[in-house]
Each structure stands twice: as structure tokens, then as C-alpha cells.
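Structure record follows, encoded as C-alpha cells.
The values are calculated or read from the model by the stated rules, or taken from the named source; none is laboratory data. Worth saying up front: this structure is predicted, and the values here are computed from it rather than measured. Using ideal geometry, Cβ is built from the backbone for each residue, glycine included, and neighbour counts are taken over all protein chains shown. Surface accessibility is based on the protein's heavy atoms, side chains included, excluding ligands, DNA and RNA. Shrake-Rupley method; radii C 1.70, N 1.55, O 1.52, S 1.80 Å.
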Amino acid sequence: MNSSSKGVDTLLLCGDKGASRSVYGVSKSFIYMHGKPLFAHVLDALFKTQNVRRIFIIGNKQKLDANISQLGRQRDFPKPVITIEQDSNLIANIWSGFLATLGANHQSERQVNKELIDKVILVLPGDVPLISAAEVDDFLLKADIGCYDYVMGMTPSNEMAIFHSTGKKPGIKMASAYFREGSFRINNLHLARPFACKNLDAVQLLYNSRYQKNVMNMLRLTRDMWRQHIKVQSLFLYFLMQVSSLLAYLGLEKFNWVARRYVPMTKVAAAVGRILGMRAGFVITTAGGAALDVDNEADYETMKLRFLEWKGTQQF
């Protein structure tokens, strides 16, 4: 990203409405890990980045403000932090957060100038406590926002092995996506030019079906893609990726090259672009912190047990 010296504005998503999940009945961003809520660990990493400017946190504003006050005075934070009341779903939260970054005088699409129309934002969730500042900066520096309107982070699956179980220690193994180039975990770093997106509804559909280990989510996403008039080519790529995932699940990963050799990352990025109505690309980062979110109680308990050990591997 050819960022200015001011850096990029960032949306930290901590909402608990719509298709968001909870852990032990608590919004994931607000469950505690080693003395503070998960989103506060992400906030610490963003404070240390070189390429992040302001941080807009979207969620239950009253709860956010109460938690942030326990972290210290906002005027003493190294970067500006602005809390925003959540809306009804992911897309509404991203859009209201993005408009907030424009300022009160530029929140109408009809009034913005070209510089604001081209504005990009970094979007990430509040449940990735192992993310590091270096990982965020690496992603931002590699993202070619001149060629793309939306860039998604990818982490090689082999880099996620540090989080697997070892000996008597429990671990977390996340689902991977299979491409001609190898297997990758889609991580939680997203850089986007919101005004360029022609199909915002598709973002919500993808998010609602994000847990692809669930067969119903696979079927639901296929249905939604069809209803969005997605080309057969894109659906075929998705089918081949699911075949590769199924073979891996059955312990036959060494045979899934048969399907994934027809799934180059460039074609998948182009398909994502067609779905969203914007130019899309991928950025590969080798740290795994951004790819390890807390999805359920078992993962939460495991991360609590190994948090300090894993956190040490992310400091680079």
C-alpha cells in the first residue's frame, strides 16, 4: 500500500449482532484473555503499527467505553481511538464506521471529492488477540491498492502449524483453502476501498456462510452465489475448492492436487472481484496471529492455556 505518512484509518469490529458468534454467552471481542478483553490485545498491536493512523471501534459503545476507560485515558493513547455504536449487521457496521472516518462534513456520497472516494480502510475483528503490529504492517506494505480495490490477507497453512497440538499440549487447527499454489488460511486482515464496491450485500452473504466446515453453510453460499447471478466459472472454482477440502478432511490431502491444480489464486481473486463488483487481490503474510480467531469455547480454553507461548512467536 502506498500509504501516506499519516497511515490508514482502521475499523476494529466488535459488534455482537447479526451473524456474530459468542463464547460462553459473551461477545467474542469482550471475553477476557490474560487480564483484558480480546479486542484490547488487538488494540495494543494497532497502537504499535507504523502504518495505522486512527482506530475506529464499532460495537456496544457503552461497553466499549467502559472497557477502554480501564485501559487508560484515551488522550494518552499513542493513536486516536473513536468508539461507534454498532448497527444491525456486519455491512452496516463497516459502512457506518467508514463514513465516520470521512468526518461529519463528508458523509454524503454526493458530496465527497475524488480523494475521499478513493479512500481505503483497514478492517479487522476484535477476536484475534495474537495479531502483531509487524504482521499488520507487513500486510499493509504488500497490499497493492493501486491495482486493487479490495485486498484480503492469506496465511500459508504450514505457518499455522505452531498452533497445533504438541505432545500433551492442546492446539487449534483452523480450516484451510486449497489453491494451485498450496493451502492457505484466509486471515482477518482486509484492506478495502468501500466506495468501489458495487455489491455490498454480497459481503454480508459471504460473512453469514463463513464457517465452511458446516455443510449447510456450503449449500447456503452456493445458493446465494447463484441468486447473485455469479458466473458458472466462479461456482466451478468454489466446487473444486470444496472437493480439495473434503479430501483433506478424509485424510487424503495428498490427492487433492487433482482438483486444486485448476484453482490458481489469480482466478479465485478474480471471482471474488466479480462477486463484490470490485478489483480483488490477495496478500500473503507468514505470521499466523491474524488467522487465529476465537470461534468457540474449546478454542478459547486452548488459547488461554498457550497464549503467552504463542504470543511470543508473533513478536517479530
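Some points to look at:
- Remark: Ile162 falls outside the filter, which requires a residue to be closer than 11 Å to Ile284 by Cα, aliphatic (A, V, I, L, M) and in contact (Cβ under 8 Å) with a residue 40 or more places away in the chain.
- Any chance Ile58 is more than 18 Å from Asp299 (Cα to Cα) and of a type in the set (Val, Ile, Thr): yes
- Checking each residue in the range 43-67 for being surrounded by 15 or more Cβ atoms within 10 Å (Cβ to Cβ), closer than 17 Å to Gly97 by Cα and either under 15 Å from the mean Cα position of the chain (by Cα) or acidic (Asp, Glu) (or both) picks out Leu43, Leu46, Ile57, Ile58.
- Residues in the range 172-196 that are over 30 Å from Thr101 (Cα atoms), buried (at least 18 other Cβ atoms within 10 Å of the Cβ) and either of a type in the set (D, E, K, R) or touching a His at 6+ places or on another chain (Cβ under 8 Å) (or both): Ile172 alone.
- For the range 31-61, the set of residues classified as assigned to a helix (DSSP H, G or I) and touching a residue at least 12 places away in the same chain (Cβ under 8 Å) consists of Leu38, Phe39, Ala40, His41, Val42, Leu43, Ala45, Leu46, Phe47, Lys48, Lys61, listed by residue number.
- Residues in the range 246-271 that are open to solvent by 30 Å² or more (accessible area, probe 1.4 Å) and under 25 Å from Ala196 (Cα atoms): Thr266, Lys267, Ala270.
- Pairs are defined by a Cβ separation below 6 Å, a sequence spacing of at least 6 or placement on different chains, a first member in the range 123-138 that is touching a residue at least 24 places away in the same chain (Cβ under 8 Å), and a second member that is aromatic (Phe, Trp, Tyr) and open to solvent by 10 Å² or more (accessible area, probe 1.4 Å); the pairs so defined are Ala134/Phe316.
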